[in-house]
Amino acid sequence: VQDGERRIIPGRLLPVYPTKRSLPQRTLRRIIGLGLTTCLPKLSDHLNPGILQRQDLLGIRDALQEYHQPISKEAKLLARKRLAFDEIFIRQIFMLTRRQEWQDAKAIRLTTVKSVMRSFISGLPFTLTKAQTRSLDEVLSDIASETPTRRLLEGEVGSGKTVVALAAMLNAVAHGYQAALMAPTE
């Protein structure tokens, strides 16, 4: 019995693909086998041989071949390792590219509207702590620069994160912009 260009041999692993009832596994394996035969010789590896060796990875052609038409369970695992590596590697490159684009972008500068800040802080029923004041100064400095701001403000419940965020939001509103506060409860 033929399945694509490879014989179905007892004991040989066969892939099982998610499919609709109208498309039999045998047909799908034949289509994928034809695709592999046609495309793999034209495929070049984006990783250099040194990286492949250091990370103990298969070449991309071998990985795709072994993933879809494995000769053993071990070969399938090695193929999956390479494909998983590529997935993470490509995602990291994408994220680094996005970060670089973000850092190269220009942000709207929101200088501190001192009268609004003074009025807000003096109207609070408590005095800001040194840590809250320092955090607020850092946030206001960030949003006054041309570099887009990405800041995570961490602290215990009741440490004043919300008051710092609210002050920054008021500064944006004072410049004619809108602001939103998201506060997950769990």
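A compact table of results
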quantity	calculated
By average C-beta atoms within 10 angstrom, highest first, the peptides 36-42, 100-106	36-42, 100-106
Convex hull volume of the chain per residue (C-alpha atoms, cubic angstrom)	243 Å³
Per-residue SASA entry for Leu13, accessible area with 1.4 Å probe, Å² rounded to 10	60 Å²
Residue-level accessible surface for Phe94, protein heavy atoms, 1.4 Å, Å²	110 Å²
Volume per residue of the C-alpha convex hull in the stretch 52-115, rounded to whole Å³	139 Å³
Overall form of the stretch 19-125 per C-alpha gyration tensor (a/c, 1.5; a/b vs b/c)	prolate
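The values are calculated or read from the model by the stated rules, or taken from the named source; none is laboratory data. What you see is a predicted model, and the numbers here were worked out from it, not measured in a lab. Please note: Cβ atoms are built from the backbone with ideal geometry, for glycine as well, and neighbour counts cover all protein chains shown. Protein only, heavy atoms only, side chains kept; ligands, DNA and RNA dropped before computing areas. Shrake-Rupley method; radii C 1.70, N 1.55, O 1.52, S 1.80 Å.
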